[in-house]
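The values are calculated or read from the model by the stated rules, or taken from the named source; none is laboratory data. Remember, it's a predicted structure, so these values are computed and weren't measured experimentally. For neighbour counting, all protein chains shown are included, and Cβ atoms are generated from backbone atoms with ideal geometry for every residue, glycine included. Keep in mind that these areas ignore ligands, DNA and RNA; they rest on the heavy atoms of the full protein, side chains included. Shrake-Rupley method; radii C 1.70, N 1.55, O 1.52, S 1.80 Å.
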Amino acid sequence: MTDVLRAGEAARVAGVDEAVSLDELRLAARNHGMPLEALRHDLTPPGLHYLLVHYDIPFVDPSSWRLQVGGHVRTPLTLDLADLHDRPRVSRTVTLECAGNGRARLLPRPVSQPWLDEAVGTAEWTGCSLAALLDEAGVLDGTVDVVFTAHDHGTERGVEQDYTRALPIAEALSGNVLLADEMNGAPLPPQHGAPVRLVVPGWYGMAHVKWLRDIAVLPSRFTGYQNAVAYRLRADADDPGVPVSRIQPRALVVPPGFPDFMTRRRIVDAGAVELFGRAWSGRAPVVGVELSVDDGLTWTPAALGPETSRFAWRSWSFAWDAVPGEYTLRVRAADTEGVQPVDQPWNLQGMANNMAQRVAVTVR
Ligand SMILES: Nc1nc2c(c(=O)[nH]1)N[C@H]1C(S)=C(S)[C@@H](COP(=O)(O)O)O[C@H]1N2
Ligand SMILES: [Mo]
């Protein structure tokens, strides 16, 4: 157990002047973000949804795919895709965000997938209810965690594993969680977990296990790598930290005007500019969005669009009377528990960092 909790094994921090490495570039090229102009879509078209895959995308044959449900249950189950399809269908619109979003902006930078602001997307997921399936299997008294194991395999900091994550039993039985086989009304694409993935509304991405093959009900706390070593908020290597769970509030703006190719600085014509974006939070309902055109010195409320679904992003807009000059736009969301920080909070693995977005704009 002591080695399981050694955080030093879980993250390296770059030197202050250490540039992003080829290893980080390789990860960033495989695991793409959502181009921020795609914030315009209520549902993110699947090719534009962000993507994160720890190992390789496994090749899973849907006709021989089986799901085992076992462990601390009365009746273990084995299901194929048709069995899952026969169960009552449930659809939910859910915003997914990687827990490492914003990591590359931290100083010093935790070395891992170097996200800026774009590790987010929203889809309508369809499948069957996890709670209903667990009810069928008959979860026994004294259950603590439910463990989800996937088909993809690799090593991480020396630990060989199938990607495996556990959820507390209360969340697993909440009625929110789906075993999804469709994304935006079509079968799941390979990169998003075909044939079946978990969708845990409100939680950061790591909980939404793709390429699911096994569900094990446990009468004790799960101590596997992805829960005990990765995905913890730690101050330093000796801090056991706390588990990363629900999504912190965040707002993003569709970058206005047009970009410069290399710097992506925005060029905007003076006059009335309609700024548009999205805001979400998995831990509590979003109650407001504010905009700053002076790098966070002063803030003005934006107009918040309707909540279409508790765990999906909402739109917001802001009428900006743009006067020629150089600007740094900032945007921040508040939920009923608090507001996004303007200065970056730091932790060893760069998790759940939700510093307010910054966009450089030239008004001409
Ligand atoms: N089996 C498996 N599930 C996984 C992962 C993985 O590498 N393997 N990555 C997780 C992480 S860290 C994130 S952020 C989300 C990303 O989901 P997406 O690629 O569909 O956007 O999947 C999660 N589920
Ligand atoms: Mo992630």
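Taking first residues from region 316-336 that are among the polar types (S, T, N, Q) and partners that are open to solvent by less than 30 Å² (accessible area, probe 1.4 Å) and part of a strand (DSSP E or B), the Cβ contacts under 8 Å between residues at least 6 apart in sequence or on separate chains come to SER317/LEU275; SER317/GLY277; THR328/VAL359; THR328/VAL361. Of the set (1) in a loop (DSSP other than H, G, I, E, B); (2) aliphatic (A, V, I, L, M); (3) touching a Gly at 6+ places or on another chain (Cβ under 7 Å), all apply to VAL331 but (1). Against the test of being assigned by TED's automatic domain parsing to the domain that holds ASP61, within 16 Å of ligand 1 (Cβ to nearest atom), at negative phi and open to solvent by 10 Å² or more (accessible area, probe 1.4 Å), the options PRO195, PRO201 yield a single qualifying residue, PRO195. For region 26-79, a tally of residues being touching a Phe, Trp or Tyr at 6+ places or on another chain (Cβ under 9 Å) and open to solvent by 50 Å² or more (accessible area, probe 1.4 Å) returns 5.
Among the criteria (1) open to solvent by 10 Å² or more (accessible area, probe 1.4 Å); (2) in contact with a strand residue (DSSP E or B) (Cβ under 8 Å, 6 or more places away or on another chain), the one THR223 does not fulfil is (2).
In region 333-364, the residue that is farthest from MET262 (Cα to Cα) out of those that are among the small types (Gly, Ala, Ser) and out of contact with any helix residue (DSSP H, G or I) (no Cβ under 6 Å at 6 or more places or on another chain) is GLY338.
Quick one: in region 83-97, which of the residues that are open to solvent by less than 10 Å² (accessible area, probe 1.4 Å) and in contact with a helix residue (DSSP H, G or I) (Cβ under 9 Å, 6 or more places away or on another chain) is farthest from ligand 2 (Cβ to nearest atom)? That would be LEU84. Do we find that ARG213 is of a type in the set (Lys, Arg), buried (at least 21 other Cβ atoms within 10 Å of the Cβ) and over 14 Å from the mean Cα position of the chain (by Cα) in this structure? No: the conditions fail for ARG213. For region 174-191, the set of residues classified as open to solvent by less than 30 Å² (accessible area, probe 1.4 Å) and either touching a residue at least 24 places away in the same chain (Cβ under 8 Å) or assigned to a strand (DSSP E or B) (or both) consists of GLY175, VAL177, LEU178, LEU179, ALA180, ASP181, MET183, PRO189, listed by residue number.
Each residue in region 99-112 was checked for being open to solvent by 10 Å² or more (accessible area, probe 1.4 Å) and within 14 Å of ligand 1 (Cβ to nearest atom), and 2 of them qualify. For GLY121, the conditions (1) within 16 Å of ligand 2 (Cβ to nearest atom); (2) farther than 30 Å from GLU37 by Cα are fulfilled apart from (2). Condition first: open to solvent by 10 Å² or more (accessible area, probe 1.4 Å), under 18 Å from the mean Cα position of the chain (by Cα) and within 16 Å of LEU252 (Cα to Cα). Can you find one or more residues in region 317-330 that meet it? Taking every residue of region 317-330 in turn, none turns out to be open to solvent by 10 Å² or more (accessible area, probe 1.4 Å), under 18 Å from the mean Cα position of the chain (by Cα) and within 16 Å of LEU252 (Cα to Cα).
So that you can scan it fast, the table gives a plain yes or no per residue for (1) touching a Phe, Trp or Tyr at 6+ places or on another chain (Cβ under 8 Å); (2) of a type in the set (S, T, N, Q); (3) on the phi > 0 side of the Ramachandran plot:
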| position | (1), (2), (3) |
| --- | --- |
| THR300 | yes, yes, no |
| GLU307 | no, no, no |
| TRP313 | yes, no, no |
| SER317 | yes, yes, no |
| PRO324 | no, no, no |
| THR328 | no, yes, no |
| ARG332 | yes, no, no |
